[in-house]
Amino acid sequence: MANYRDIIARYQDKPGGIIEAYHALQREFNYIPREAVKEVARVFRLSEAQAYGVATFYSYLSVEPRGNYIIRMCESAPCHIAGADEIIKAFERELGIKVGQTTPDGKFTLELTECVGQCQGTPVITINSVPHVGITPDQIPAILALCK
Amino acid sequence: MAEELRIVLRNADKIDASNINDYIKAGGYTALEKARRMEPRAVIEEVKKANLRGRGGAGFNAGLKWSFVPPAETKYVVCNLDEGEPGTYKDRTIVQKDPQTLLEGMAICAHAIGSRQGYIYCRGEYPYLVEHLNNAIAQAKAAGVLGDFDIEVRMGGGAYVCGEETALIESIEGHRGEPRFKPPFPGVAGLWAQPTVVNNVETFANLPEIINKGADWFASIGAASYPGTKVLTLTGDVVNRIAIEVPTNTTIRQVIYEFGGGIRNGRKFKAVQIGGTSGGFIPESLLDTPIDFDSMRNIGATLGTGAVFVMDDTRDIVDIVTRIAKFFEHESCGKCNPCREGTFRCYEIMKKINRGAATARDIDNITVLARVMQKAALCGLGQAAPGPIMTTLQHFRHEYERKLLS
Amino acid sequence: MVTLTINGKQVQVPDGSTILQACRLHGIELPTLCYDPDLRLAGSCRMCIVEVKGRPLFLAACVAPAENGMVVETESPDIVQARKVILELLLARHGGKCLTCEKNGNCKLQDYCYQYGVSDTRYADGGRHHYPIDDPNPFIERDYNKCIMCTRCVRACEGITMARAINVKNRGHNAKIATAFDGNLADSPCVFCGQCIMVCPVGALTSKVSAGLGRAYEVEKVLTTCTYCGTGCTLELNVKDNRVVGVTSNRSADWSPVNRGALCVKGRFGWDFINSPERLPTPLIKENGEFREASWDEALDLVASRLQKIKEESGPDSMAVFTSARITNEENYLAQKFARAVLGTNNVDHCARL
């Protein structure tokens, strides 16, 4: 596993590169660890309160630990009428967790998201940002089985 | 039978989008060459004369926007690829199918305003586009077509408000994506306080053809006050959920029935929301309205991003508007009072109406609140958020009244 | 100069003025919550909105430039209604515990609700946040249940004190003022200067040291100079029943030219010694290992005689005088004069020399 300092250092010469650095940290850790927020503040010459303010503003950034597979269910209006609620319930049943939670084994986190721009194929989920369109509740076990 | 007219999507599915040579063979980068032989002023005039109006939703004349840029050592060209309006996937489609046309459009703008640095702000939901664009940029640089103009892709983090140009700029600067008050406008003091032109993907993607074929050609297409084409993305209860590019004088009815193939499962039409989730709801009686910016505004709706969200006769308007109210509550940045508190309270009242616990007084309260938000909020998000509530109260009031406590 | 019309009256203002500045220059008051002339502009509370003819949207006067030919209305029916709704929204978030609030009578939200006749809110159905009030620091009470998110505290921390201890976390209705990781001030770069209390327009940030001792309308404010160091900051002792119950500051450049209201932790919070029972009310003289009370005359006579004796026995250079930055220049001058002319030594020093 890469060191958070090394990851952040790659972006230090990019003006305003803090969000890029946060994304890179999340690709490694699935979330932004506290020590990394502090390091980002130091490297980008922000206060820690500012760095924390940025990390908590964007819904795709998280300062809380998350699973290896982040499943997001789009619940914007087009997916809503296509049955997003049913899909969410099916995921909750299948994973044994509620939206916003992570499975005890640290494998899956279930989140809601707003539109992911795949509205030709509602309802849409993303797994680690990869979209899966036209989902039905009965496909869910097979989708989860693909996540090794 | 109405037909598509493809300007920004002219190469879609005809070329290998990951190969710049295909684009060049199809006539790519000739417009940039032509523009570079022109005086920057003349390029701005040409775009102004074409009356190319911003395709992101605001509909401002692009050439006029560029003409406000004052002389400065450093200027930026920023492409808004923060396609956050639910139901919209046009910018993704354009970039996936023809990224070079976007880069060429940005380079034409850069020549016109005298910029050497461009940014593409790509929403955090599209990480796969970042790779695709970086590949396209690398090829364009290797081919030498961009000259001294550099383009860097920056990624958002899941915040609809960053589609607002000043919030987008804040985000590129690495801050919380909170909109700035205007003036100053970005054209004068934008990214890192330097003059900055922010345009939508589709706006840039129109430029190569405008330069190649001329302002008069473009201005003669579609509706006179909003000429050209518009890429629309169909979603909801329509047979064909596809992206299409049509002249701007195409009517909503043609879009839904001729391109969209009508309503799914043989059902009847109830409503269409155009322009994204902040757009107005449109009833059957207004379907013969052309989709251009001004015609849409005249019926109290918007063209917006060009999302076309169709609802059939089984759909519960109040439930959908409640869901939309949740969207705005979730996406408000929280900076200004009317939006931070207003979107939250709108959602609360809509939930109350939707679960059958509200009275006529709640409708009055949300109406008063909505009017204040529309005029007092700091940015377009808070101003537009009540649109779906207001237009459905106008056209589908009976659906609300049906759910009220007597 | 820019010429514009405000509430039917044609006025002239200097180029570069905002509409708010134009109004205030001509005696027209506008309500403001986030605006603070010493801080970076936010334009976010939307209380100072005005109607400008030909503009479809209301403009926030604090950030909108006054332009030639503008026709501005500051209290039109639409504007008044919008302000009322904004106040109702704030009230729904704020909760309104005026009866026990330290800031009762000195609260802008209360003032504007009074001015616009807002006694209740139509928008409280969905409830409100319930944040714990649990920062254990000894100085600053942080009750974010009363916060209206004007961000003046954040901007004062950034722009006046430059501690940058706090910022906004989260977004939308969940936005909240927080240190990094939303912890205690003591674990942040906070220096407890209390500038955040100074700028807070409501009761979200108050002094723990003054809690329960009296509200703004009960105290007399006595303008004085802080005695803690040589900077000479102006502060206001808040006096009730002849006792100091708090310190506030005056932000005007005329009355508080050195610090314009800014203080440090000692000046703002370090005043409780004034009424301390441990404070000496008379001089004490030690006899047989025990202190006894004495008069000033007796005490000074004793000191003079002892100094005289030391001078005779060991010479004047066996003594030295140390003075302090906490007394005035004139007093420092007198102290060195006393050392040289009375004691006869040049052994004079001062803490500020270090």
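Could you pull out the trypsin sites (Lys or Arg not before Pro) across segment C:261-294 that fall in loop regions by DSSP (anything but H, G, I, E, B) with no more than 11 other Cβ atoms inside 10 Å? Intermediate results must be reported in sequence, preceding the final value.
Numbers: sites: C:Lys266, C:Arg268, C:Arg279, C:Lys286, C:Arg292; in loops: C:Arg279.
Hits after loop and neighbour filter: C:Arg279.
Longer than 24 Å from Cα to Cα, which of B:Lys34/B:Lys65; C:Lys176/C:Lys208; A:Lys14/A:Lys38; C:Lys103/C:Lys176; B:Lys335/B:Lys375; B:Lys230/B:Lys351 are they? Say none if no pair is. Please report the intermediate quantities before stating the final value.
Numbers: B:Lys34/B:Lys65 21 Å; C:Lys176/C:Lys208 21 Å; A:Lys14/A:Lys38 18 Å; C:Lys103/C:Lys176 20 Å; B:Lys335/B:Lys375 16 Å; B:Lys230/B:Lys351 35 Å.
Violating the 24 Å Cα-Cα cut-off are B:Lys230/B:Lys351.
Give me, ordered by chain and number, the residues 5 or more places off B:Ala358 or on other chains with an amide H under 5 Å from its own placed amide H.
B:Leu405
In terms of Cα to Cα distance under 16 Å, which aspartates and glutamates are near enough to B:Lys213, apart from those fewer than 8 places away along the same chain?
Reachable aspartates and glutamates: B:Glu33, B:Glu45, B:Glu46, B:Glu104.
For the charge dipole of chain C, defined by +1 on Lys and Arg C-beta atoms and -1 on Asp and Glu C-beta atoms about the Cα centroid, which residue among C:Val258, C:Ile140, C:Ala165 has the Cα displaced farthest towards the positive pole?
It is C:Ala165, whose Cα lies furthest towards the positive end.
From the square roots a ≥ b ≥ c of the eigenvalues of the alpha-carbon gyration tensor of chain A, which class results: rounded (a/c under 1.5), prolate (a/b over b/c), or oblate? Kindly include the intermediate steps, with their values, before the conclusion.
Values: a/c = 2.52, a/b = 1.96, b/c = 1.28.
Prolate, because a/c is 1.5 or more and a/b exceeds b/c.
Using θ = phi - 60° and the Karplus relation 6.51 cos²θ - 1.76 cosθ + 1.60, list the HN-Hα couplings for segment B:158-173 in order, rounded to whole Hz, with x at every Gly or Pro.
Coupling constants for segment B:158-173: x, 8, 4, 4, 5, x, 6, 4, 6, 5, 4, 4, 4, 5, 4, 6 Hz.
Kindly work out what percent of the DSSP beta bridges joining two residues of chain C are antiparallel, to the nearest 5. Walk me through the numbers on the way to the answer.
Details: 31 of 36 bridges.
Percentage antiparallel, nearest 5: 85.
Could I have the simple spin-label model distance between C:Leu57 and B:Ala224, label points 7 Å from Cα toward Cβ, reported in nm to one decimal?
Taking the two extended label points, one gets 3.0 nm.
Taking a cut-off of 23 Å, what percent of all Cα-Cα pairs in segment B:227-312 are separated by more than that?
Values: 301 of 3655 pairs.
Of all Cα-Cα distances in segment B:227-312, 8 percent exceed 23 Å.
Between A:Glu86 and C:His129, how many nm apart are label points set 7 Å from Cα along the C-beta direction?
Reported label-point gap for A:Glu86 and C:His129 is 3.8 nm.
As I understand it, the value is the acute angle between the Cα axis of helix B:99-113 and the longest principal axis of the Cα atoms of chain B; what does it come to in degrees, rounded to 10?
Between helix and principal axis, roughly 70 degrees.
By counting other Cβ atoms within 10 Å of each Cβ, how are B:Glu348, B:Glu125, C:Glu287 ranked from fewest to most? Before the final figure, lay out each step's value.
Working: B:Glu348 21, B:Glu125 28, C:Glu287 9.
Lowest to highest Cβ neighbour count: C:Glu287, B:Glu348, B:Glu125.
Going 7 Å from the Cα of C:Ser305 along its beta-carbon direction, which residues of segment C:271-296 have the amide nitrogen within less than 18 Å of the resulting point?
Within reach of a label on C:Ser305: C:283-296.
Scan around C:Ile140 for amide H atoms under 5 Å from its own, H built in the peptide plane at 1.01 Å from N, and keep only partners 5 or more places away or cross-chain.
Long-range HN contacts for C:Ile140: C:Lys208.
Quick one: net charge around C:Asp187, please, counting Lys, Arg +1 and Asp, Glu -1 for every other residue with C-beta under 11 Å from its C-beta.
On the way: positive: none; negative: A:Glu48, C:Asp135, C:Asp182.
Surrounding charge for C:Asp187 is -3.
Subtract the Cα-Cα distance of C:Thr224 and C:Asn174 from 0.36 nm times their separation in residues, and report this length gain in nm to one decimal. The partial results should precede the final answer.
Details: separation 50, 0.36 × 50 = 18.00 nm, distance 4.14 nm.
Net length gain for the segment: 13.9 nm.
Ranking C:Ser44, B:Ser285 by Cβ neighbours within 10 Å, fewest first, what do you get?
Values: C:Ser44 27, B:Ser285 9.
Placing the least packed residue first, the sequence is B:Ser285, C:Ser44.
What is the order of B:Asp313, B:Asp294, fewest Cβ neighbours within 10 Å to most?
Values: B:Asp313 12, B:Asp294 15.
Taking fewest neighbouring Cβ atoms as first place, the list is B:Asp313, B:Asp294.
Among C:Glu88, C:Glu298, C:Glu51, which one shows the highest mean-square fluctuation when chain C is modelled as a Gaussian network with alpha-carbon springs under 10 Å?
C:Glu298
Suppose every Lys and Arg Cβ carries +1 and every Asp and Glu Cβ carries -1, with no other charges. What dipole size does segment C:74-188 come out with about its Cα centre, to the nearest 20 debye? Don't skip to the end; give the middle numbers.
Working: 16 positive and 14 negative charges, 46 e Å.
For this selection, approximately 220 debye.
Towards the positive end of the charge dipole of the protein assembly as shown, with charges on Cβ (+1 Lys, Arg; -1 Asp, Glu), say which of A:Val130, B:Asn249, B:Val239 has the farthest Cα.
B:Asn249
Within segment C:188-229, name every residue whose backbone N is under 11 Å away from a label modeled 7 Å from Cα of C:Tyr114 along the Cβ vector.
C:217
So how long is each side of chain C along the principal axes, counting just the alpha-carbon atoms, biggest first, in Å?
91, 49, 38
Say each of C:Ala341 and B:Ala2 gets a label point 7 Å from the Cα, pointing the same way as Cα to Cβ; how far apart are those two points in nm?
Placing both labels 7 Å along Cα→Cβ, they lie 10.0 nm apart.
First measure r as the distance between the Cβ atoms of A:Ala142 and C:Leu99, then evaluate 1/(1 + (r/R0)^6) with R0 = 56 Å and state the FRET efficiency to the nearest 0.05. Kindly include the intermediate steps, with their values, before the conclusion.
Working: r = 61 Å, r/R0 = 1.08.
Rounded to the nearest 0.05, the efficiency is 0.40.
Among B:His175, B:His330, B:His132, determine the one that fluctuates most according to a GNM of chain B built with springs between C-alpha atoms less than 10 Å apart.
Ranking B:His175, B:His330, B:His132 by mean-square fluctuation puts B:His175 first.
Quick check: from the Cα gyration tensor, does segment B:268-406 come out rounded (a/c under 1.5), prolate or oblate?
Values: a/c = 1.84, a/b = 1.11, b/c = 1.66.
Since a/c reaches 1.5 but b/c is at least a/b, the shape of segment B:268-406 is classed as oblate.
Given q = 0.16, 0.18 Å⁻¹, what are the Debye log10 I(q)/I(0) values for segment C:21-63, with equal point scatterers placed on the Cα positions and solvent ignored?
At q = 0.16, 0.18 Å⁻¹ the computed log10 ratios are -0.41, -0.52.
Which of C:Ala92, C:Ala175, C:Ala211 ends up with the largest GNM mean-square fluctuation for chain C, with Cα atoms connected below 10 Å?
C:Ala175
Check each of the trypsin sites (Lys or Arg not before Pro) in segment A:41-91 and keep only those in coil by DSSP with at most 10 other C-beta atoms within 10 angstrom; list them in order. Intermediate values should be presented prior to the final figure.
Working: sites: A:Arg42, A:Arg45, A:Arg66, A:Arg72, A:Lys89; in loops: A:Arg45, A:Arg66.
Here the trypsin sites (Lys or Arg not before Pro) that fit, given the DSSP loop and packing criteria, are A:Arg45.
Calculate for the protein assembly as shown the 222 nm mean residue ellipticity that helices alone would give, adding -39,500 (n - 2.57) per DSSP H run of length 4 or more and normalising by residue count, nearest 500 deg cm²/dmol.
Details: 32 runs with 311 residues, N = 908.
Result for the protein assembly as shown: -10000 deg cm²/dmol, rounded to the nearest 500.
Step through the residues of segment C:216-228 one at a time and calculate ³J(HN,Hα) from phi using the Karplus curve (6.51 cos²θ - 1.76 cosθ + 1.60, θ = phi - 60°), rounding each to whole Hz and writing x for Gly and Pro.
3, 6, 9, 10, 9, 9, 10, 6, 8, 10, 5, 9, 6
Roughly what angle does helix B:201-213 make with the longest principal axis of chain B, taking Cα atoms, 0 to 90 degrees, to the nearest 10?
Tilt of helix B:201-213: around 50 degrees.
Check which residues have an amide H placed less than 5 Å from B:Ala271's amide H, if you skip close sequence neighbours.
B:Met311
Would you mind counting up the charge near A:Glu39? Only other residues with Cβ under 11 Å from its Cβ, with Lys and Arg at +1 and Asp and Glu at -1. Could you put the intermediate results ahead of the total?
Values: positive: A:Arg5, A:Arg34, A:Lys38, A:Arg42; negative: A:Asp6, A:Glu35, A:Glu48.
Net of charged neighbours comes to +1.
Binning at 10 Å from 0, report for segment C:218-267 what percent of all alpha-carbon pair distances ends up in each bin.
With 10 Å bins starting at 0, P(r) equals 30, 53, 17, 0.
Since every read-out is calculated from the coordinates, none of them should be taken as a lab result. Predicted, not measured: the structure shown is a model, and the values here were computed from it. Virtual Cβ from ideal backbone geometry, glycine too; neighbours counted across all protein chains shown.
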